[in-house]
Amino acid sequence: MPRLYGFDDQSRQRLRDDEVDPLRQMVSRALVDASMSNQGIAVWANGAGYRGTLGGEWKDASIGRLFRNPAIAGLRYEDGELVDAGHPGIITREEFEALQAREQSRKTADADPPYDYLLTDGACTCGKCTKWLQGARSNAGTPGYRCRPKDKQGRGGCGEVRIDAELLENHVGEYVVAELLKPGIRDQILEARAAVREQVNHLNREVEDLVARRTEAGALYGQRQISSDSFVAADREITTTLKSARSRLRYAEQMANFSLGNAKDLVRWWNTAPTASKKAIAMLLLERVEVFPASARGVRTVEPGRVVLHWRKLSTLSGG
Ligand SMILES: [Zn+2]
């Protein structure tokens, strides 16, 4: 079996650096522009000089197969549910789910188009239980964020917070733009970006160390130098740490690559920028966004105290 695009090896423990960015760009193009076909993405990728794992040109079908493979998000299907596959992913779960929704909507023309969430990956958390809010549509199909209720294995949060995606994102957007309008903020952003680049290097090393530690534990177990119990415990601990290091790394990478360019009218910039760029600046400025339950069902405004913005101290970021 040929290896999967974006991964270096069959066990998918290592990403292939020169394929990670092209794949993210393909996915971004698919999600940003609802009219973009897989054929269109293949034409773009070939034009940009990217080739498949066997050196062939991209085609409609090979893009489709790649986008349907949950491994690109570090996931696999178990009884029809997406679960962690125990290896790194190149895109987020939300992006993968949006790709599947896109596929569905291309099959059934009247279905909802995919939604590109701004505040996933830990950018917003549940004010009641501190878990990450995740992108999820309401029963009516409206994009929203929710605290995922606990599943059978006990993973998940309280399930009590839900908020309309547009309502929350517009609210956060207003504050972020106001922050960007403050004098001196561009210089601070440049400095902070340099600091984040350092963090990226550091996190890369951390991830490498963890992968090496996991391999080492496997080898010790293979030589019967440690018991199966201690191997399982070590493996579980390393996997958890690895997961969090990788998500911090993905965060930092996005922040480090952010550029405001020469944008003069920041309100306009915000309203027209791709979600990935808005996400990067929002994450650079904000540590996280905390969302509390509404006072009642169906409240269509952000009530005072419902959304708490935790600003990052840019100066401490650049100070190390
Ligand atoms: Zn919760």
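Every read-out reported here was derived from the displayed coordinates using simple, explicitly stated rules and does not represent laboratory data. Keep in mind it's a predicted model, so treat the numbers as computed, not measured. Please note: Cβ atoms are built from the backbone with ideal geometry, for glycine as well, and neighbour counts cover all protein chains shown.
A simple spin-label model places the labels of VAL232 and LEU190 5.5 nm from each other, with each point 7 Å out along Cα-to-Cβ.
Taking the Cα centre of the stretch 151-278 as reference, the dipole from Cβ charges on Lys and Arg (+1) and Asp and Glu (-1) amounts to some 240 debye. Compared with the alpha-carbon gap, the fully stretched path from ALA34 to VAL211 is longer by 60.0 nm at 0.36 nm per residue.
Within the chain, how many lysine pairs that are 8 or more places apart, or on different chains, have C-alpha atoms less than 15 Å apart? Don't skip to the end; give the middle numbers.
Numbers: LYS128/LYS150; LYS131/LYS150; LYS182/LYS264; LYS182/LYS313.
Close lysine pairs under the 15 Å cut-off: 4.
Each helix, a run of at least 4 DSSP H residues, gives -39500 (n - 2.57); summed and divided by the residues of the chain, these come to -16000 deg cm²/dmol at 222 nm. So if we plug the beta-carbon distance of LYS182 and ASP21 into 1/(1 + (r/R0)^6) with R0 = 22 Å, what FRET efficiency do we get, rounded to 0.05? Here the calculated transfer efficiency is 0.10. Entry note, the chain: relative contact order of 14 percent, from Cα contacts under 8 Å with a spacing of 6+ residues.
Here the chain is treated with +1 on each Lys and Arg Cβ and -1 on each Asp and Glu Cβ, and its dipole about the Cα centre works out to around 280 debye. A simple spin-label model places pseudo-atoms 7 Å from Cα toward Cβ; at ASN46 and TYR175 they are separated by 4.7 nm.
Compute the length gained on full extension between THR239 and THR272: take 0.36 nm times their separation in residues and subtract their Cα-Cα distance, giving the result in nm to one decimal. Show your work: numbers first, answer last.
Details: separation 33, 0.36 × 33 = 11.88 nm, distance 3.83 nm.
Length difference between fully extended and current span is 8.1 nm.
Lacking any other cysteine beta-carbon closer than 4.7 Å, the following Cys residues of the chain have no compatible partner: CYS124.
Net length available on complete extension from GLN225 to ARG106 is 37.5 nm, with 0.36 nm assigned per residue and the Cα-Cα distance removed.
How high is the relative contact order of the stretch 20-76, given as a whole-number percent (alpha carbon pairs under 8 Å, six or more residues apart)?
On the way: 39 pairs, mean separation 15.8, N = 57.
This gives 28 percent for the stretch 20-76.
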